[in-house]
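Here's the structure, in structure tokens; my notes come after.
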Amino acid sequence: MGRTLQTSTQLIREFEATWQPYLRALRKEDREVVLQLLAMIQAQSAPIAYASHDEPFQLFVLAMLGGVLKRLNTLEQKLSAHQTNIAKRLDE
């Protein structure tokens, strides 16, 4: 008996294919941003498969938000470390 549910990889590819006309219409720099968002979904394909949610779009959005938040946290940590270094230099 065959598979009745699409795999997460198939769902992600289908989602990406749906957005191809939109991607083609974007300027290059904007297209790169959207491709980064799509890569965030791909990076979370295993958790998406594990959740096997009825509405995969919700998981895709959560994956994108999680990816953006992860990048924001990294930038905040780098900024904090940089500010600490500057403060130490000023104290010397």
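The values are calculated or read from the model by the stated rules, or taken from the named source; none is laboratory data. Because the structure is predicted, anything quoted here is derived from the model rather than measured. Reconstructed Cβ throughout: ideal geometry from the backbone, glycine too, with neighbour counts over all protein chains shown.
Quick look at the numbers
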quantity: Glu16 being surrounded by 12 or more Cβ atoms within 10 Å (Cβ to Cβ) and at pLDDT 95 or above; calculated: yes
quantity: Output for the stretch 10-30, where each listed residue is within 24 Å of Gln44 (Cα to Cα) and not in a helix (DSSP H, G or I); calculated: Trp19
quantity: Close pairs from the stretch 43-58: first closer than 15 Å to Glu14 by Cβ and touching a residue at least 40 places away in the same chain (Cβ under 8 Å), partner of a type in the set (Phe, Trp, Tyr) and in a helix (DSSP H, G or I), Cβ under 8 Å, at least 6 apart; calculated: Ile48/Phe60; Pro56/Phe15; Phe57/Phe15
quantity: Scan of the stretch 44-55 for residues that are closer than 20 Å to Leu69 by Cα and either in contact with a helix residue (DSSP H, G or I) (Cβ under 7 Å, 6 or more places away or on another chain) or surrounded by 14 or more Cβ atoms within 10 Å (Cβ to Cβ) (or both), ordered by number; calculated: Gln44, Ser45, Ile48
quantity: Ile48 modelled with pLDDT of 95 or more, assigned to a helix (DSSP H, G or I) and not polar (S, T, N, Q); calculated: no
quantity: All positions within the stretch 41-73 that are touching a Leu at 6+ places or on another chain (Cβ under 7 Å), of a type in the set (A, V, I, L, M) and over 18 Å from Ala17 (Cβ atoms); calculated: Ala51
